[in-house]
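The values are calculated or read from the model by the stated rules, or taken from the named source; none is laboratory data. Just so we're clear, the structure is a prediction, and the values are computed from it rather than from any experiment. With ideal geometry, Cβ positions are generated from the backbone for all residues, glycine too; neighbour counts draw on all protein chains shown. Please note that ligands, DNA and RNA were not included when accessible areas were found on the heavy atoms of the full protein model with its side chains. Shrake-Rupley method; radii C 1.70, N 1.55, O 1.52, S 1.80 Å.
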Amino acid sequence: AAAAELPDGGSESVRLDDVGGLEDVVAQFRDVAVSFRHPEVMARWGATRPQGILLYGPPGTGKTMLARALANEIGGELREIRTPEILDKWVGNSEKNIQRIFADARRLRHPTVLLFDEFDSIISYTGAAFDAAGQMINAVAGIFKQEMNTLIEHNPNVIVVATTNFPDRVDASLIRSGRFDLKLSVPPPGPQARADILTKLLRRLISRHEVGGFRLFADDVDVTALAAASTGMTGADFKEALRRAQLDKAMHEARHGTPPSPITQADLLAAIRAVRV
Ligand code: ATP
């Protein structure tokens, strides 16, 4: 499909290079991709690549984007599973849902990132209880652990990524059991990371839309100043601010028939302020 036909502004095609800030996390993801692409080297050394990655941090910081970028780096596809949707109030159904997901995953013949979002819900699920020793008894989490144990042996094409905004809730059971080899923090961006995120978001928009002499952005756009004016904002907030600025301009042209001037620094500052409230 042409880039313009992709849903969600072409986020389907994102690479690790498009992720702003988060240098350490991106470096780890690059290593995972390398190990994934060289199973024969791993096997020669008796090494096992990570099979599960837990990403934790506040909303909108790029966790889903990282999973999608990893899928693209390994030449594969992303399968998103909304964890709360597999949890069923009927005893046994949640376990069956998880077994079915992993049974499907074992059959996949192409590289796949299996993404479980809102993963904490698996623990805070109402079926969870504590035994006399204070251990969490949770049949659902138990099944998940079992399935994770055998996934890589059965299907080296699959890697699991789980995301959560509440790592403390997940820690209790699944994390200490070692099924997630990598637990990576995806924190809110500081000023430098915000400038980097903005640079990369603008770069993607420019490469997609500034064609045939068309200008999306004016020369006065200054990402450092935008980053300084956006304390507390995330990549998702910037994406939304840009979406609004683009829509404003497009609506202007659609209404009046004449193209307005490109998006300026003042337009972006106004859009950032509008998203903030
Ligand atoms: P949630 O916890 O709510 O699921 P999330 O951490 O998964 O949020 P994403 O869905 O990855 O956040 O972010 C939404 C969009 O915001 C991304 O598709 C991307 O366009 C932009 N974005 C977020 N973080 C970054 C980043 N670090 N670099 C570049 N773009 C980013």
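Here are the numbers:
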{"quantity": "Scope region 224-235; condition within 22 Å of the chain's Cα centre (by Cα) and buried (at least 17 other Cβ atoms within 10 Å of the Cβ); matching residues", "calculated": "227, 230, 233, 234, 235"}
{"quantity": "Count of residues meeting criterion [outside any loop (DSSP other than H, G, I, E, B) and exposed (fewer than 13 other Cβ atoms within 10 Å of the Cβ)] in region 204-223", "calculated": "1"}
{"quantity": "Filtered residues of region 17-46 (kept if touching a residue at least 12 places away in the same chain (Cβ under 8 Å) and open to solvent by less than 50 Å² (accessible area, probe 1.4 Å))", "calculated": "18, 19, 20, 21, 22, 25, 26, 29, 32, 33, 35, 36"}
{"quantity": "Selection status of residue 255, in a helix (DSSP H, G or I), over 15 Å from residue 217 (Cα atoms) and either open to solvent by 40 Å² or more (accessible area, probe 1.4 Å) or in contact (Cβ under 8 Å) with a residue 40 or more places away in the chain (or both)", "calculated": "yes"}
{"quantity": "Failed criterion for residue 61 (all others in (1) open to solvent by 30 Å² or more (accessible area, probe 1.4 Å); (2) touching a Gly at 6+ places or on another chain (Cβ under 7 Å) hold)", "calculated": "(1)"}
